[in-house]
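Computed from the coordinates by the stated procedures, all read-outs in this text should not be read as laboratory data. Keep in mind it's a predicted model, so treat the numbers as computed, not measured. No Cβ is skipped: glycine too gets one built from the backbone with ideal geometry, and neighbour counts run over all protein chains shown.
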Amino acid sequence: MLDLARRPGQARHMNKTFAILLALACPAILNAAPAPWYQWRSKATGALACSQTPLGPGWAKFAGPYRDARCEFRMSEK
């Protein structure tokens with residue numbers, strides 16, 4: 001049978017565990033950044049499109065990375 005009764009100190013232990021997990025996760029969350037945008041050129045027509053992900057085998061990466069969905073503002077190099 002499963003013992004669901006709480007023992008003294010169990011809540012304190014869970015709070016410490018949660019605090020440790022939160023402290024470990026914060027740097028990863030705070031360092032997150034949006035994916036860059038790239039300009040893609042159609043191999044068939046030469047048309048340009050701006051996308052964060054590859055558009056398929058008929059497209060080649062042309063320029064980038066950019067900060068915006070219109071591929072107007074280049075990302076600064078770090």
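With Cβ to Cβ distances under 11 Å as the rule, what net charge do the other residues near Trp59 carry (K, R +1; D, E -1)? Once all neighbours under 11 Å are counted, the net charge is +3. Per-residue extension of 0.36 nm, minus the Cα-Cα distance of Ala33 and Arg74, leaves a gain of 13.3 nm for this segment.
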